[in-house]
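Accompanying notes for the structure given below.
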Amino acid sequence: MKISELNPDQLTDKQMADLLYNHVHDDMEKGDCILVFGSRIATKSRLPKAIQLYREGRAKKILFSGGTIWGIGNDSEAILLKKKALELGIPETDILVETESQNTKENIIASLLILDRYFELHKIKRLLIVTSNYHMKRAYLTLKTYMPSWIEYSLCKAENQYTQEDNWFLTEEGRKRVKEESKKIIKYVKWGAIIDDEI
């Protein structure tokens, strides 16, 4: 079944689980750069995964993407991530930042210019993607829609307390996040904003 065939108002648990978690895995390949999507809690939830990948030698550079300011001082998501990464010993020369984006699509479009200026897009073969497990499918579909077709992706999920594949259905918070995310993906696919795919 295609994503576009789903009814967002009549989703079963299986459909939501298949939509968000099927075909989302880390193939353990090395890449040119680790792309980290910002969020309100990215320094706690996503940064540890990015640093793990960097220290394992999976990529030599990290790009923090996110321009939203959540009221914690005047720093954007990307700047907060960079500051914390520096505190944890990541060299500044290995950190790139994108501070213009306000949503997932903009994360990708704004990151294109940063990646092109640093690497030159035609030389990039693989990006390691870091975001929350329940957000990974939308991020991946958006990457496939707006990034050059030759770039491949390793999907490196940052686990979230309430939205892991084996526990999202156990709490009200988990159910809420998974349902909202499923509806967003279906809506964007039906709008034509991201590519359709099999669930």
Matching residues, region 80-126, being in contact with a Lys or Arg (Cβ under 7 Å, 6 or more places away or on another chain) and open to solvent by 40 Å² or more (accessible area, probe 1.4 Å): Val97
Can you tell me how many residues within region 43-54 are under 22 Å from Ile69 (Cβ atoms) and either open to solvent by less than 20 Å² (accessible area, probe 1.4 Å) or in contact with a helix residue (DSSP H, G or I) (Cβ under 7 Å, 6 or more places away or on another chain) (or both)? 4
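Out of region 127-166, which residues are open to solvent by 30 Å² or more (accessible area, probe 1.4 Å) and outside any helix (DSSP H, G or I)? Please lay out each step first, then the result.
Of all residues in region 127-166, those open to solvent by 30 Å² or more (accessible area, probe 1.4 Å) come to 134, 140, 144-146, 149-150, 152, 157, 159, 161-162, 164-166.
Tyr134, Ser149, Trp150, Glu152, Lys157, Glu159, Gln161, Tyr162, Gln164, Glu165, Asp166 - these are the residues of region 127-166 that are open to solvent by 30 Å² or more (accessible area, probe 1.4 Å) and outside any helix (DSSP H, G or I).
Among residues belonging to region 69-95 that are touching a Phe, Trp or Tyr at 6+ places or on another chain (Cβ under 6 Å) and either among the polar types (S, T, N, Q) or in contact (Cβ under 8 Å) with a residue 24 or more places away in the chain (or both), point out the one that is farthest from Pro148 (Cα to Cα). Talk me through it step by step, then tell me what you get.
Applying the first criterion (touching a Phe, Trp or Tyr at 6+ places or on another chain (Cβ under 6 Å)) to region 69-95 yields 78, 81-82.
Subset that is either among the polar types (S, T, N, Q) or in contact (Cβ under 8 Å) with a residue 24 or more places away in the chain (or both): 78, 81.
Numbers: Ala78: 23, Leu81: 26 Å.
Among those that are touching a Phe, Trp or Tyr at 6+ places or on another chain (Cβ under 6 Å) and either among the polar types (S, T, N, Q) or in contact (Cβ under 8 Å) with a residue 24 or more places away in the chain (or both), it is Leu81.
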Applying the selection to region 16-42, what residues are polar (S, T, N, Q) and either at positive phi or surrounded by 18 or more Cβ atoms within 10 Å (Cβ to Cβ) (or both)? Ser39
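Can you confirm whether region 123-140 contains a residue that is more than 25 Å from Pro48 (Cβ to Cβ) and among the polar types (S, T, N, Q)? First the steps, then the outcome.
Kept after step one, since they are more than 25 Å from Pro48 (Cβ to Cβ), are these residues of region 123-140: 123, 125.
Restricting the remaining residues to those that are among the polar types (S, T, N, Q) gives none.
Checked region 123-140: no residue is more than 25 Å from Pro48 (Cβ to Cβ) and among the polar types (S, T, N, Q).
Kindly indicate whether Leu19 is part of a loop (DSSP other than H, G, I, E, B) and closer than 28 Å to Ile194 by Cα. Outline the logic, then answer.
Working: part of a loop (DSSP other than H, G, I, E, B): no; closer than 28 Å to Ile194 by Cα: yes.
When the stated conditions are applied, Leu19 does not pass them.
The values are calculated or read from the model by the stated rules, or taken from the named source; none is laboratory data. Just so it is clear, the model here is predicted, and its values are computed rather than measured. Positions of Cβ are generated from backbone atoms using ideal geometry, with glycine treated the same way; all protein chains shown enter the neighbour counts. Side chains are part of the model used for accessible areas, which takes the heavy atoms of the whole protein and leaves out ligands, DNA and RNA. Shrake-Rupley method; radii C 1.70, N 1.55, O 1.52, S 1.80 Å.
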